[in-house]
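Novice: Structure incoming, see below.
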Amino acid sequence: MNPLAAGADHLLVEAESVTQFTWDYEPSNTQLTRLYEKGKVSQWNATTDVDWSPDVRWGEPDPSMTDEERAMIGSFLNLDAPDSPFAGMTEEQRAVVGWELQAWMVSQFMHGEQGALVATARLVETVPDIESKYYAANQVNDEARHVEAYATYLNSKLPGHEYEISGPLEALLVDIMTEKRWDITYLGMQIMVEGLALAAFGMGNVMFNDPVIKQITDLVMRDEARHVAFGVLALKEVVPELSAAELADREEFLLEATDLMYRRFLLEQLWERLGIDVAAGKEFATTNPLMIMFRQVLFSKIVPNVNKLGLMTPRVRQCFEDLQVAQFADQLDTASEELSSLAGAESLADIARTAG
Ligand SMILES: [Fe+2]
Ligand SMILES: [Fe+2]
């Protein structure tokens, strides 16, 4: 058998990369050192820090929601409009749609987390300076735990309801992992995929139906803000040094990644599994006001970071305007947000005492 053949249960990506050793062991980026220090003391254990005991009952309506609230959401979503794919569904069927959406989101989180695991492992090799290698290694550990937690959840709580990786997410992971230039690995993974994940976890936690997934997502989110901050800190040194041609390549990559991420949230796999006409489902996802808001929230962490990095070129701005997300440009970037949480700490020992 050809060892490079793809199979149903795996994907092989061939890539060329340049491993960099450094003989300069003196950390010089204080902000990154502080972030690393926080990472070291913020580790948790998916086996013991999550209470896995609650039963998860697939298909049951969220007990924290009243019938009135459900009706209100239904009318806001225009679920009964004649062209809605949900018209004529019973409450029970609609509850199942909510569970399918949860299973789809958690499955994509798990696949995306594995992407982060392998991409940050690559960064350990390819980044030039020692503190970035330290930090990336620390993040590899975080990402392994994230994959483990989501996989354990899906296997033990939603068996049989998992989804395969979505086509656009797979295409984006392949793009990132075939890329030789380490700053594009950062841009793709730390700024785009992780930035979207950070917002998606927050939103998932409001929508999800059971206490186990809420705990996992709370723990994962604590780590993700740090990861996005790492990307911003690393790239803000790099972008000003790029030539016009190099900048144009990054712009192209960013536009492609944005398109792939936007397409993920047209929810094709969900419509297929629910037996809803895919074209009608995608039309609903494109035009429904709540779905538009949903996508806007997803980009709310990406846009300010892209702006902070100096990558908001006219084409990128136009693309964000077309997606109705350019209004987030002036919000606080994730590195400033994350570092402000360490502002009171005067020494690394202080961080070790207070973070986590
Ligand atoms: Fe993660
Ligand atoms: Fe991450």
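Novice: Of GLU92, GLU251, GLU283, which has the largest mean-square fluctuation in a 10 Å C-alpha GNM of the chain?
Specialist: So, out of GLU92, GLU251, GLU283, the one fluctuating most is GLU92.
Novice: At 10 °C and a viscosity of 1.306 mPa s, what translational diffusion coefficient does Stokes-Einstein give for region 245-290, taking Rh as the Kirkwood radius over Cα pairs? Give it in µm²/s as a whole number.
Specialist: For the chosen part, D equals 131 µm²/s.
Novice: Another question, then. Using a 10 angstrom cutoff on alpha carbons, build the Gaussian network for the chain and name the most mobile of ASP24, ASP183, ASP210.
Specialist: The residue that fluctuates most here is ASP24.
Novice: Moving on. How tilted is helix 289-298 with respect to the longest principal axis of the chain? Cα atoms for both, answer in degrees (0 to 90, nearest 10).
Specialist: It is inclined by approximately 20 degrees.
Novice: So, one more: Based on Cβ point charges of +1 for Lys and Arg and -1 for Asp and Glu, what charge dipole magnitude is obtained for the chain about its Cα centre, in debye rounded to the nearest 20?
Specialist: 360 debye
Novice: Here's a follow-up. Between the helical axis of 167-178 and the dominant principal axis of the chain, each derived from Cα atoms, what acute angle in degrees is found, rounded to the nearest 10?
Specialist: Approximately 10 degrees, to the nearest 10.
Novice: Give me the distance between the Cα centres of region 47-62 and region 72-104, rounded to whole Å.
Specialist: Value for the Cα centre distance between the two parts: 23 Å.
Novice: Hey, what do the phi angles of region 315-329 turn into as Karplus ³J(HN,Hα) couplings, whole Hz, using 6.51/-1.76/1.60 and θ = phi - 60°, x for Gly and Pro?
Specialist: Listing the rounded values in order: 5, 5, 4, 4, 5, 5, 5, 4, 8, 6, 10, 5, 5, 7, 3 Hz.
Novice: In sequence order, what are the phi-derived ³J(HN,Hα) couplings for region 92-98 according to the Karplus relation 6.51 cos²θ - 1.76 cosθ + 1.60 with θ = phi - 60°, rounded to whole Hz, with x for glycine and proline?
Specialist: After applying 6.51 cos²θ - 1.76 cosθ + 1.60, I find 5, 5, 5, 5, 5, 4, x Hz.
Novice: Sticking with this structure for a sec: Find the Cα radius of gyration of region 56-105, compare it with 2.2 N^0.38 Å by division, and give the number to two decimals.
Specialist: Cα-based Rg divided by the globular estimate yields 1.14.
Novice: Among all the lysines, which ones have a C-alpha under 23 Å from LYS180's C-alpha, if same-chain residues fewer than 8 places away are not counted?
Specialist: Filter leaves LYS133, LYS236.
Novice: Further question: Using a 10 angstrom cutoff on alpha carbons, build the Gaussian network for the chain and name the most mobile of LEU298, LEU11, LEU101.
Specialist: Between LEU298, LEU11, LEU101, it is LEU11 that shows the largest mean-square fluctuation.
Novice: Further question: Dividing the alpha-carbon Rg of region 214-337 by 2.2 N^0.38 Å yields what?
Specialist: So the Cα radius of gyration is 1.20 times the expected 2.2 N^0.38 Å.
Novice: Stretched out fully, how many nm does the piece from MET293 to ASN141 gain, at 0.36 nm a residue minus the Cα gap? Don't skip to the end; give the middle numbers.
Specialist: Values: separation 152, 0.36 × 152 = 54.72 nm, distance 3.30 nm.
Computed gain between MET293 and ASN141 is 51.4 nm.
Novice: Once you have the Kirkwood Rh of the chain from its Cα pairs, apply Stokes-Einstein at 10 °C and 1.306 mPa s and quote D in µm²/s.
Specialist: 74 µm²/s
Values quoted throughout were computed directly from the atomic coordinates according to the rules given, and no laboratory measurement underlies them. The shown structure was predicted, so the numbers you read here are calculated from the model rather than taken from an experiment. All Cβ positions, even for glycine, are placed from backbone atoms using ideal geometry, and neighbour counts span all protein chains on display.
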